[in-house]
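Bear in mind that the values in this text are calculations on the coordinates, not laboratory data. Here the structure is a predicted model, which means the values were calculated and not measured. For neighbour counting, all protein chains shown are included, and Cβ atoms are generated from backbone atoms with ideal geometry for every residue, glycine included.
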Amino acid sequence: MALTYQQLLTAVPLVLDAGNVPNIVGDAGIGKSALVQEIATNLGAELFTTVVSLSEKGDLAIPVPPLTSDSFVETQNYGRLANVQFGYSETLISIIKHAENHPSQPIIWFLDEFNRGTQAVQSELMNLVLQRKINALKLPSTVKIIIAENPDTTMAGFTDRDYGVAIGDAAIKDRTIRLVMTNSTTEWLKWARSNNLNDLVVKYLTQYPERLLIIDSNNEDLAPTPRAWERVAKNLDQLQALDYEVQKQLAADLFSGDLGSEIGVSFAQFVLAQGHELTIKVLKEAKNGKKQFAECDDATKIRLLRSWLHEDLATEKDAQLFNEYFQLVSPDGQYAIAQSVGEQLTAVLQPMYEQAIKHPHGNVADLYKEFAKVATRGDN
């Protein structure tokens, strides 16, 4: 079970109003920080953020020596004792000051990347989350706490994740409300349009919605996330201001630096093809058609050859050319195209079959046999 960004905009305030602590669990880059920022805006709340993964033990409250003679306690039998005080972090001081100056305004303290902090840091934050106090300091009632975590392998539905996290204490799991965040390409595209992100990113993800977030990208160290696509859109704005030849030199590496090489190269091809799109006419007539086709990603190759199926393949010339392009597609892609052929018996296969009967050793017969071989391979 998981909730989208828009659903969490309702669920998180509901949990806060009930006096509980929401724990938003989601993959890196999915939009947890942006979600909390929007929730704070919607509630009219002042937002303070602590990135727990960057915190060290003692960052929130550090013991300090006595500052005045009043801080010493004289005893009759045990000597002179120092009543040690605590110095608090700038974030905590800012929260307290804001609460005093704006007693009616809600405050959200967002503890991001909670389970990427060390066990010592997490332990130090336990009283903050569970008891709403640090040493003798109690949080104002206007302060609401939200925590966010990356998934770990102990969480249901996330056994395949490999984040560098310190598995949370059972008390945290028992006292917070886990809200799993999932991605929605439809929601993200709506957001992207409303924020005027580059239209080519919108077009690409409309065509390939499954590429908004890829968890296991053939073990690449980089993969697409909603946050990465936002950076790509901004980089693309700058890239498009350059000459086309410079764009060709930079695009693949620039986008691969955010999306990983597979999707980065695919998106670069998509961007560079705008105004230079491959068509069936280009594949049939251009001298460099095969070179352009070979450089395309598999999804583009499949789309082009599927559209070619609507034209006449029962001629020797077209059948030979189609078969040459067909050999440049991956085995899985070939099977997908063969499946489309099988769905168009009357329009595609029947004319080819009749031509193959007349010329059993011709190009149409060879292509017909190739389709049959690929389709059989997929059934094994």
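For Asn20, what is the net charge nearby, where nearby means another residue's Cβ is under 15 Å from its Cβ and Lys, Arg count +1, Asp, Glu -1?
Once all neighbours under 15 Å are counted, the net charge is +3.
Return a whole-number percent for the relative contact order of the range 298-379, with Cα pairs under 8 Å and 6 or more residues apart as the contact set.
Relative contact order of the range 298-379: 36 percent.
Label points 7 Å out from Cα along the Cβ direction at Leu250 and Ala136: separation in nm?
5.9
Remind me, relative contact order of the chain in percent, using alpha carbon pairs under 8 angstrom and six or more residues apart?
After rounding, I find 14 percent.
Using a 10 angstrom cutoff on alpha carbons, build the Gaussian network for the chain and name the most mobile of Tyr78, Tyr335, Tyr208.
Tyr78
For the peptides 122-131, 278-287, what is the packing order when you average, over each peptide's residues, the other Cβ atoms within 10 Å and list the highest mean first?
The most tightly packed comes first, giving 122-131, 278-287.
Under the rule of at least 5 residues apart or a separate chain, name every residue whose amide H is placed under 5 Å from the amide H of Ile24.
Ile147, Ala148, Glu149, Leu179
At 222 nm, what helix-only mean residue ellipticity would the chain give, in deg cm²/dmol to the nearest 500, using -39500 (n - 2.57) for each DSSP H run of four or more?
Calculated from helices alone, the mean residue ellipticity at 222 nm is -15000 deg cm²/dmol.
Show me 237-245, 260-268 ranked by packing, highest mean number of other Cβ atoms within 10 Å first.
Listed from highest to lowest mean packing, they are 260-268, 237-245.
Relative to the longest principal axis of the chain, what angle (0 to 90°, nearest 10) does the C-alpha long axis of helix 185-194 take?
The helix 185-194 is inclined about 80 degrees to the chain.
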